[in-house]
Structures are given as structure tokens and as C-alpha cells.
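Okay, so here's the structure we're looking at.
Every read-out reported here was derived from the displayed coordinates using simple, explicitly stated rules and does not represent laboratory data. Predicted model only: the values in this text are computed from it and were never measured. Here Cβ is always computed from backbone atoms with ideal geometry, including for glycine, and neighbour counts include all displayed protein chains.
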């Protein structure tokens with residue numbers, strides 16, 4: 001089943017040009033590893049569903065392992081296309097499908113509770129399939145566990 005919005009008013013809408021904004025840093029919202037796009041692009045709903053099928057393999061047995069993934073793009077723009085062999089003019093073409101425009105710097109895919117090697121493998125597989133440049137980003141936790149017995153024996157001073 002392809003992705004599409006539930007309610008919409010007009011199927012023939014203007015798509016607007018992709019705006020080349022200066023690159024901004026994207027942050028992970030949900031997961032620990034992710035794929036950040038370095039260029040803007042348009043994604044068709046067919047492509048997003050293909051990526052979804054590929055990433056289902058990454059999250060097998062998610063009920064036990066709590067593995068999750070997020071695709072941060074939804075097709076909400078309608079695409080229209082004129083039939084092959086038609087002449088110029090005579091209005092806009094018929095409705096063809098749905099697409100989404102993703103700007104540069106957005107974290108496109110995120111993983112949670114997935115081992116670094118597996119997440120690296122699946123992110124490279126998606127990088128091969130994407131038509132734009134992208135990079136892998138990772139959330140590093142700075143928490144270092146220290147045993148309580150060690151903390152009791154170390155004197156520390158607080159200066160106000």
C-alpha cells in the first residue's frame with residue numbers, strides 16, 4: 001500500500017521550487033543513529049515505501065528487542081503528468097501520485113536500539129539508493145558508569 005494523505009482538497013497543486021537554503025545542522029529527535037541529507041530532493045511515495053520494506057528487515061523481532069526506525073518524510077504533494085505524445089498546452093495533466101519535498105540538513109531516517117554495525121549496514125544500503133548526498137550521524141552518550149564503592153572512597157571538594 002502506497003502512502004497518501006487521508007484528506008485533501010485539490011489534486012492539482014503547485015509544487016514550488018526546492019529552495020537551496022544554507023546547510024543547517026539536523027539533530028536526532030527519536031533515535032540513536034540516523035541518515036542526514038546534504039542536498040534537497042523530492043521523494044515519490046513508491047520510493048518511501050521501498051525504503052520502509054528494506055528497513056523492516058532491520059527491525060525484526062522488534063517486540064522483544066524494542067528496535068524502531070523512523071522515516072521523517074511523508075508524501076503530501078500531488079504530482080500530475082501529461083500523457084506521452086500529447087502536444088503542448090491544453091491545461092495541466094492528470095493526477096499521477098504523491099511526493100514529498102525534503103530540504104537539506106534534515107535527518108531522513110533514524111534508528112533506535114540497533115547495534116552500530118547493523119545500523120551502519122542498513123544506512124549504507126539506503127545511501128546507495130538515494131539520488132543525493134547524505135551522511136550518517138550518531139548520538140554519543142557521555143555518561144560513564146562509576147561504581148558506588150569507588151565514589152565513596154574518593155574525597156571531593158565543593159567551592160562556592
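Observations on the structure shown:
- Sorted by Cβ density within 10 Å, fewest first, the residues 98, 70: 70, 98
- Separation of the residue 118 and residue 38 label points, Cα + 7 Å toward Cβ, nm: 2.8
- Every Cα-Cα pair in the stretch 36-96 was counted, and those over 14 Å apart are 71% of them.
- For 47, 96, order by how many other beta-carbon atoms lie within 10 Å, fewest first: 96, 47
- Which of 41, 88 has the fewest Cβ neighbours within 10 Å, and the rest in rising order: 88, 41
- Chain lengthening between residue 136 and residue 29 when straightened (0.36 nm per residue, less Cα-Cα): 37.1 nm
- Label point distance in nm, residue 60-residue 90, each placed 7 Å from Cα along Cα→Cβ: 5.2
- Pairs of Cα atoms nearer than 8 Å and 6+ residues apart set the relative contact order; for the stretch 22-140 it is 47 percent.
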